[in-house]
Amino acid sequence: MNAEVIDQLKTQVGANGLPYGIPIHPNLVHLTLGLFILGIAFDIIGTLFPLQQRIFKFEGIPATHSNFFDAGWYNTLASAIITFLTVAAGFYEILLAEPSTEIKSAWGLQGMQTMLWHGVGGVFLLALIVGMTIWRGFQRHIWRKDNSQEVQWSYLAFGLFIILLMYIHGTLGAHLAAEFGVHNTADMLLRLGKDPNLLLK
């Protein structure tokens with residue numbers, strides 16, 4: 001996409017710097033996070049099921065060992081699929097972003113640096129999530145299909161490590177919105193000298 005097309009897009013944007021009212025990327029991010037975290041959580045519960053089976057019975061929850069692994073697999077798969085859309089929406093919205101150049105984030109980064117790290121991190125996380133989904137699929141359908149414990153401990157440990165990376169990456173995204181005002185309607189209106197209290201009722 002060349003500079004002329006980007007400039008043309010920027011002439012069609014609203015107060016939030018986008019051609020639509022609500023940013024898409026942050027909403028899809030929460031789907032990515034939720035689905036992946038649930039996938040790992042269900043796999044952990046499934047792995048520890050023998051220890052918790054009495055609790056489920058006491059609570060009257062009709063759960064079986066395989067139920068949790070099914071939920072883990074489908075949540076991880078859904079996370080991989082939705083993350084392609086999350087990253088695509090993120091790059092589109094980055095093209096239209098104009099972070100403030102006058103401030104630094106709590107981590108000492110300028111707006112463009114934060115945006116660059118967030119963009120590169122998003123692609124890296126996409127690759128990790130897809131890799132984890134492939135790894136999970138091999139365990140489910142080939143390596144451990146006859147094993148009562150469907151996932152390896154190393155898979156769960158790496159999944160928890162990815163969740164930590166998601167936290168760091170998500171904090172960069174939060175800095176873009178909260179500190180640099182990227183696609184933040186109220187921040188954009190204040191920069192234009194307008195009162196958000198009057199215009200956002």
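The numbers here are math on the coordinates, done by the rules we state, and not lab data. Keep in mind that this is a model prediction, so the values were computed, not measured. Quick reminder, even Gly has a Cβ in these numbers, built from the backbone with ideal geometry, and neighbours come from all protein chains shown.
Could you tally the net charge around residue 78, taking each other residue with its Cβ under 15 Å from the Cβ of residue 78, Lys/Arg +1 and Asp/Glu -1? Counting the neighbours of residue 78, the net charge comes to 0.
Based on the Cβ-Cβ distance from residue 112 to residue 27, what FRET efficiency comes out when R0 is 25 Å, to the nearest 0.05? Between residue 112 and residue 27 the formula returns 0.55.
Per-residue 3J(HN,Hα) values for the range 84-98, derived from phi via the Karplus relation 6.51 cos²θ - 1.76 cosθ + 1.60 with θ = phi - 60°, read 4, 5, 4, 5, 4, 5, x, 5, 5, 6, 5, 4, 9, 7, 9 Hz in sequence order (x marks Gly and Pro).
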